[in-house]
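One structure below.
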Amino acid sequence: MNEIIDKLILLIVTTVFMSLTLILYRYAHALLYPSSRQQIFKRFHPSRNSPDTIHLFSRILGVGIIYSQLGIYFSDAGWLLAFITFLLQAVLLFSCYLISIYIIESIVFYNFEYIDEILKRKNYTYAIISFSHSIAVAWILKTIIMVSENNFIMIIMLWLISMVIMGLSVKSYSLVSKLAFNKLLIQKNLALAFSYSGFVLGWTMIISSSINNQSENFLWFNFYIVLKILLSVIIFPIFNWGLITIFKLQDDFKSDMISENGRDILGPQVGYGIFEGIMFLTSCLLTTVITGKIYFGSFYPGF
Amino acid sequence: MVDYCDVYFESKMNRISTYIFLTVVYLVLSMSFSHSEKRTFFIRNEKVFSNYFKGTPITVILVDAFRTGFLIKTYYHKYKIIHGFKVPEDKIVRISKEFWKKNLKNLGMSLFRRSEKGHLENVIPMPPGLLYLGDHFYGRWKYINSGEKIWVFHRGYKHFPDVFGWGDFVPNFKFFKKSKIAIENEKSFYGLHDEFGTNGNITKKFLVDTKTPFKNIDKVKHHLKKFMSIPWTSSNTKKSSSQKNSGVLDE
């Protein structure tokens, strides 16, 4: 009985400790995003500005995703050392997480500012795209933690590699989508938000699957990542084409829809954005099955 | 209209060429770093044996021939290499399709031999152990009651018949003579009654020990059993509970 109560107390203390580490996150966030200081430190009213709510909670959700992969090991060296290790890991991961979002958003939103789009214009498209960035980065970091088995050097190296791949992948959006990013973001077009979110989350799945491989040699490890990405680029169009053919999906893209009164240009329909986004995501998920879930074993024996 | 078609066609062609380029890059990268391509030696035909297998005396026996892959097959030979004074070793090599086809009938046969005296080499498929027959360093001809001459290995090489997979087979002088004639005529020789080679009785007996027959139906049964079995029974429970329940809630 004593042990059970003690265990419960320790779990509650750990929960409180884990919550306290989030304070660190607030300061780290404010350091990297001085423009959103108001969002982080002042009272937040979720109903007042919904895009801002999406923006803030996407970051918090990202932290949750990262934390879900961390482990606290009391048996190794006692509770104090376990807490210190956790704290160090949390600080490292917060830094990686925030720097990653900063880099990705600098690449994608180079023409746009948080203050203009969220606080002034209440742009949902911007918020949803930012939401997908947070989830994507958090998911990749989660995979990195899993693969690196809490090794500091490995986390840093894998994070750097994945950031390079992620940076290149977000730049390739204009190659695979018919939607004009900057133009539609100014128009607050939701089709862009859905299409881009599907694209980014799809790439996240591919990058996570590529990182998730086993090799004792670091050079080989990197090589396999590149090879898997390359293979994914080859496999992805086949699934995309297959889905379009099997479900007889018609590409009815219209770049500029006119409103009923004939005065406003609406841009592409939301349905088209959903179609593109889901197609990207589904094709990428199916691609990860091919690149990461096929085990040849002794089908091709190595001697 | 024509311009639009041209632009559409051009963009389509660009995409196809990029796709082909990426596929080629992937294949080249995979090939250059592939473990199996690097590790496994490739033998195009019997002419390569001389460079690949060093030392004398040496006999290379084909003990297994198999192919792997889905549509584009990779062909393999497993050889048992018998040195006169060393422990026999097994080696698996990649081979060409032509060489694989050529040796379909030669399982259990010696594909390459190099003698100690004069380093004479021979690549005509022959029954294993022929290299040592007639060499008085390893054995002698002995008359038996029927008046037939049979080959007997010296005490130090008594294990050779087992190594060659002869079983109960004892070579006689007629066998030796015929094999020499076959070598001179550059023709394969499978024994006086075709005892050697893929369809030979002696080879079949010898290779049955090295191969475990596992029928396809057994594989299907095994997979189905694994797929349909209840995980929380007997031994599975003990294993999985120790591995999985290492979280905070286990007692």
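Filtering the range B:15-32 down to residues that are within 17 Å of A:Trp241 (Cβ to Cβ) and either in contact (Cβ under 8 Å) with a residue 12 or more places away in the chain or aliphatic (A, V, I, L, M) (or both), which residue is surrounded by the most Cβ atoms within 10 Å (Cβ to Cβ)?
Residue satisfying both the conditions and the ranking: B:Leu22.
Picking from A:Ile211, A:Ile155, A:Ile165, A:Ile234, which residue would you name as being over 24 Å from A:Asn123 (Cα atoms), within 14 Å of chain B (Cβ to nearest Cβ) and touching a helix residue (DSSP H, G or I) at 6+ places or on another chain (Cβ under 8 Å)?
It is A:Ile234.
Being in contact with a Pro (Cβ under 9 Å, 6 or more places away or on another chain), at pLDDT 95 or above and in the same structural domain as A:Leu179 (by TED's automatic domain parsing): is that true of A:Ser255 here?
So A:Ser255 fails the test.
Take A:Leu22 and tell me if it is at negative phi, in contact (Cβ under 8 Å) with a residue 60 or more places away in the chain and surrounded by 12 or more Cβ atoms within 10 Å (Cβ to Cβ).
Judged against the criteria, A:Leu22 is not a match.
Please go through the range B:54-80 and give me each residue that is outside any strand (DSSP E or B) and farther than 15 Å from B:Ile95 by Cα, ordered by number.
Once the filter is applied, which keeps residues that are outside any strand (DSSP E or B) and farther than 15 Å from B:Ile95 by Cα, the range B:54-80 yields B:Lys54, B:Gly55, B:Thr56, B:Pro57, B:Phe70, B:Leu71.
Could you tell me which of the residues B:Phe196, B:Phe169, B:Phe206, B:Phe176 is in a loop (DSSP other than H, G, I, E, B), of a type in the set (A, V, I, L, M, F, W, C) and touching a residue at least 40 places away in the same chain (Cβ under 8 Å)?
Answer to the selection: B:Phe196.
Can you work out which of the residues in the range A:65-80 that are in a helix (DSSP H, G or I) and in contact (Cβ under 8 Å) with a residue 60 or more places away in the chain is nearest to A:Tyr27 (Cα to Cα)?
Checked the range A:65-80; the qualifying residue nearest to A:Tyr27 (Cα to Cα) is A:Ile66.
Step by step: first the residues of the range A:1-19, then only those that are under 18 Å from A:Gln89 (Cβ atoms) and exposed (fewer than 12 other Cβ atoms within 10 Å of the Cβ), then the one that is nearest to the other protein chains (Cβ to nearest Cβ). Which residue is that?
The selected residue is A:Thr15.
Identify all residues within the range B:57-78 that are more than 15 Å from the chain's Cα centre (by Cα) and at pLDDT 90 or above; write none if there are none.
B:Ile58
Inside the range A:114-129, can you point out the residues that are at pLDDT below 90 and within 20 Å of the chain's Cα centre (by Cα)?
Scanning the range A:114-129 gives A:Tyr114, A:Ile118.
Inside the range A:151-266, counting only helices (runs of 4 or more DSSP H) that do not spill past its ends, which hold 1 or more residues that are in contact with a Lys or Arg (Cβ under 6 Å, 6 or more places away or on another chain)?
Here the list reads A:190-211.
Within the range B:108-120, can one find any residue that is of a type in the set (Lys, Arg), within 30 Å of B:Glu195 (Cβ to Cβ), surrounded by 12 or more Cβ atoms within 10 Å (Cβ to Cβ) and within 14 Å of chain A (Cβ to nearest Cβ)?
no
Taking B:Gly139, is it away from chain A (no Cβ under 14 Å) and of a type outside the set (S, T, N, Q)?
Yes: the conditions hold for B:Gly139.
Give me the residue from the range B:57-87 that is surrounded by fewer than 14 Cβ atoms within 10 Å (Cβ to Cβ) and either of a type in the set (Val, Ile, Thr) or away from chain A (no Cβ under 14 Å) (or both) and, out of that set, farthest from B:His136 (Cα to Cα).
Filtering first and then ranking leaves B:Ile72.
Quick one: how many residues across the range A:41-56 are surrounded by fewer than 16 Cβ atoms within 10 Å (Cβ to Cβ) and part of a helix (DSSP H, G or I)?
Adding up the residues that qualify gives 2.
Return the residues of the range A:261-294 that are within 14 Å of chain B (Cβ to nearest Cβ) and at pLDDT below 90; say none if nothing qualifies.
Once the filter is applied, which keeps residues that are within 14 Å of chain B (Cβ to nearest Cβ) and at pLDDT below 90, the range A:261-294 yields only A:Ile294.
Just checking, which of B:Phe99, B:Phe21 is more than 14 Å from chain A (Cβ to nearest Cβ) and assigned to a helix (DSSP H, G or I)?
Of B:Phe99, B:Phe21, the one residue that is more than 14 Å from chain A (Cβ to nearest Cβ) and assigned to a helix (DSSP H, G or I) is B:Phe99.
Among the residues of the range A:127-155, count how many are surrounded by 15 or more Cβ atoms within 10 Å (Cβ to Cβ) and free of Cβ contacts under 8 Å to residues at least 24 places away in the same chain.
2
Could you list, in sequence order, the residues of the range B:91-123 that are touching an Asp or Glu at 6+ places or on another chain (Cβ under 9 Å) and of a type in the set (Asp, Glu)?
Listed by number, the list holds a single entry, B:Glu116.
Pick from the range B:43-56 the residues that are at pLDDT 85 or above and surrounded by 12 or more Cβ atoms within 10 Å (Cβ to Cβ): which of them is farthest from the other protein chains (Cβ to nearest Cβ)?
B:Ser50
Considering only residues that are polar (S, T, N, Q) and modelled with pLDDT under 80, which ones fall in the range B:193-228?
Result: B:Thr210, B:Thr212, B:Asn216.
The values are calculated or read from the model by the stated rules, or taken from the named source; none is laboratory data. Please read these numbers as outputs of a predicted model, since none were measured by experiment. Note: ideal-geometry Cβ built from the backbone for every residue, glycine included; neighbour counts use all protein chains shown.
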